[in-house]
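One structure is given here, and the rest of the page talks about it.
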Amino acid sequence: MDTDDARPGPARLTVFSGPSGVGKDSVIELVRARAPWVWLSVSLTTRRMRPGEIDGVHYHFVTRADFERHVREGSLLEWAEFAGNLYGTPRGPVLARLENGEPVLLKIDLQGARQVKNTMPSAQFVFLAPPSFAELKRRLIGRGTDDAETIRHRLRHAEEEMAAEPEFDTTIVNDFVERAADELLGLLGSRVVVS
Ligand code: 5GP
């Protein structure tokens with residue numbers, strides 16, 4: 001990917017990642033309530049909409065064909081396959097917000113974070129960690145009605161994701177969600193007035 005067109009603007013780009021089940025969404029929800037000036041990128045996904053999700057707000061829900069067209073056209077900053085579905089970050093809106101001085105937050109998986117590290121190394125990379133692996137295990141297993149094979153797969157994946165922590169600039173431990181949100185908020189930076 002060409003790095004020249006991925007120059008960050010005056011505001012800070014933060015990549016927020018961490019193992020599935022660690023609680024990224026709850027932390028982000030609090031950050032958004034406290035800091036409405038932070039812009040959370042809206043990803044494209046091919047997965048089905050969950051109850052309560054709104055197209056264009058939580059994700060842009062697209063078909064696989066549409067997603068593949070975006071990949072071909074090079075309009076995604078990064079993309080990855082996760083649990084059989086495709087997810088990607090539209091590049092244009094991220095660059096426009098940064099140019100406009102708005103702190104931008106990307107909630108993406110590890111594969112995506114690694115791609116952004118290649119194309120926009122000046123971004124800051126934040127890892128959300130569980131208080132312990134045992135606690136993450138408890139959250140993943142306790143999620144619902146999945147069969148043993150699905151749970152095994154999820155735990156293996158979580159282990160791989162946990163091992164990537166040293167690749168990140170900062171780790172936030174999600175011991176208490178309010179505390180974790182405060183810490184993330186402190187890292188995001190404020191709005192920059194573009195003259
Ligand atoms: P969910 O389906 O639960 O909303 O998200 C599943 C995973 O996909 C999460 O780990 C989330 O961070 C990741 N994800 C969401 N959007 C993107 C994206 O645009 N790019 C990448 N690489 N991962 C994403």
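The values are calculated or read from the model by the stated rules, or taken from the named source; none is laboratory data. Note that the coordinates shown come from a computational prediction; the quantities given were computed from them, not determined experimentally. To get the accessible areas, we keep the full protein, side chains included, count just its heavy atoms, and leave off ligands, DNA and RNA. Shrake-Rupley method; radii C 1.70, N 1.55, O 1.52, S 1.80 Å.
When the helices of the chain are scored as -39500 (n - 2.57) per DSSP H run of n ≥ 4 and the total is divided over every residue, the value at 222 nm lands at -12000 deg cm²/dmol.
For the stretch 1-122, take the convex hull of the Cα atoms, compute a quarter of its surface area, and give me that in nm², please. Mind dumping the intermediate values first?
Numbers: hull surface 29.9 nm².
With every direction weighted equally, the projected area is 7.5 nm².
What's the carbon and sulfur percent of the chain's accessible surface, probe 1.4 angstrom, rounded to a whole number?
After summing per-atom areas, the C and S share lands at 52 percent.
Please work out the average accessible area per residue across the stretch 10-187, using the 1.4 Å probe convention, and give it in Å².
50 Å²
Solvent-accessible surface (1.4 Å probe) assigned to residue 177 amounts to roughly 40 Å². Segment residue 58..residue 160, full-extension length gain: 34.1 nm, with 0.36 nm per residue of separation and the alpha-carbon distance subtracted.
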